[in-house]
Amino acid sequence: MRTVYLDNNATTQPAPAVIEAMLPFFREHWGNPSSMHAFGGRVKKYVETARAQVAALIGAEPAEILFTSGGTESDNMAIRGAVEAFGGRAHVITSRVEHPAVLEPCRWLAGQGHALTEIDVDSEGQLNLAQLRGALGEGRCVASIMWANNETGVVFPIDEIAAMVKASGGVLHTDAVQAAGKLPIDVRRTPVDMLSLSGHKLHAPKGVGAVYIRKGAKVLPLMLGGHQEGGKRGGTENVPYIVGLGKACELALGRLAGEASATAALRDRLEAGLLRTCPDARVNGDRANRLPNTTNISFQYIEGESILYHLSDAGICASSGSACTSGSLEPSHVIRAMGVPFTAAHGSIRFSLSRYNTDGDIDHVLATLPGIVEKLRRMSPFVRAPAGGR
Ligand code: PLP
């Protein structure tokens, strides 16, 4: 059966060129980059090439990039490391719609006695900037506000947010795990202090990521151990994966504009087709400020999970909420924070595309999903309001 993979915000297919770039570091160059001997030591230059490739994707200096085990570690390191570096009570500010990799460390810090403010979003999933401005006045702050949302694709006005946080004297981290490789990022223009990215969201493998820490920003290490990564992140470097991440960043940078418009064209055709053929469907999130690859659509009066099972039977991979909240029948915290009505919240499905999707993929979904929706509606336990009454 044909597989149509539209769950790229959960994970992406490693690019063939990325796999090729990694293989020699399993077969031949498997030494430890910290070794004194030439066999190990020669591996170090490949780690440094990868560091420069990651830095280039976001306009950073190579020395401002640290390799980590992925987005979750990068988020934890930036947020906890910056708060610890304060050396006293901090005011942690985040948004209600962050990934758990940000929300959980922020809530943990609140449990340790730091103040925490979670900023609301509106019905479009956009950040309440007035609330953020108000919160910034209250003491020394570490803010963590995402670049783009993993569930809706909504892109926050990060330039404006960064200007506000910096004007208040605060420190700003941004989770750019979904933005990196999909949107242009230039930390020379956008004054964030720290930024997280993750390999498996941009066609590198799972289990590798990076955190950008602006020169001069104070962040204590999360992982204490050896002297690797300038003493800021102990642990022998995962060389093959680091090389893969570097290659993936190089590929993403070279293709950014063309890939974004091609992916957006497929996404828009999928979205328009579903809105036309499935009654009572609506898009969740600010359509004008969105990742090019993502659409989140609610099929009202039916359960998202039932839709996913039927799609899966037809070889189509999508998601409801984030991969982390899947498995629970509760609507995700993102959809709830946006105040999406109950009948729609339960039937929300995220389609997230990549460079590997084709017109044929979209045709397959458009030929399959309307029938699934119609069948499930016939069986729906929810009472449909009469036409015009909702
Ligand atoms: N942040 C966002 C916005 C994400 O979408 C994810 C993964 O879904 C993460 C962080 C966590 O990244 P990782 O899976 O590399 O730990």
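The values are calculated or read from the model by the stated rules, or taken from the named source; none is laboratory data. Computed from a predicted structure; not experimentally measured. Because the Cβ atoms are built from the backbone with ideal geometry, glycine has one as well, and the counts that use them run over all protein chains shown. Just the protein is used for accessible areas: all its heavy atoms, side chains included, with ligands, DNA and RNA removed. Shrake-Rupley method; radii C 1.70, N 1.55, O 1.52, S 1.80 Å.
Values for this structure:
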quantity: Top positive-direction residue, dipole computed over the chain with Cβ charges, set THR368, MET22, ALA180; calculated: MET22
quantity: Charge tally in the Cβ shell below 9 Å around ARG96, where Lys, Arg are +1 and Asp, Glu are -1, ARG96 excluded; calculated: -2
quantity: Kyte-Doolittle at least 0.0, axis length at least 15 Å by Cα - qualifying DSSP helices, the chain; calculated: 44-58, 100-111, 239-277
quantity: Accessible surface of region 16-252 [probe 1.4 Å, protein heavy atoms]: carbon and sulfur percent; calculated: 56 percent
quantity: DSSP-defined beta bridges in the chain - what % are antiparallel, rounded to 5; calculated: 50 percent
quantity: For LEU109, solvent-accessible area (1.4 Å; no DNA, RNA or ligand), Å²; calculated: 10 Å²
quantity: Helical contribution to [θ] at 222 nm, DSSP H n ≥ 4, -39,500 (n - 2.57), averaged over the chain, rounded to 500; calculated: -12500 deg cm²/dmol
quantity: Shape call, region 221-291: gyration tensor on alpha carbons, a/c limit 1.5; calculated: prolate
quantity: Region 24-139 shape via C-alpha gyration tensor axes, a/c threshold 1.5; calculated: prolate
quantity: Accessible area (Å², per residue) of the chain, counting only protein heavy atoms and a probe of 1.4 Å; calculated: 41 Å²
quantity: Computed magnitude of the charge dipole of the chain (debye, nearest 20; Cβ of K, R +1, Cβ of D, E -1); calculated: 320 debye
quantity: Exposure ranking of SER380, SER261, SER198 by accessible area [1.4 Å probe, largest first]; calculated: SER261, SER380, SER198
quantity: Segments 144-150, 172-178 sorted - mean Cβ within 10 Å per residue, highest first; calculated: 172-178, 144-150
quantity: Region 87-152: relative contact order in percent, alpha carbon pairs under 8 Å with at least 6 residues between; calculated: 46 percent
quantity: In Hz, Karplus ³J(HN,Hα) per residue of region 148-153 (6.51, -1.76, 1.60; θ = phi - 60°; x = Gly, Pro); calculated: 8, 7, 6, 8, 9, x
quantity: Value of relative contact order over region 16-252, rounded to a whole percent, pairs C-alpha under 8 Å and six or more apart; calculated: 28 percent
quantity: Area projected by the alpha carbon convex hull of the chain, averaged over all directions, nm²; calculated: 20.1 nm²
quantity: Linear extension gain, ALA130 paired with ARG2, 0.36 nm per residue minus alpha-carbon span; calculated: 41.3 nm
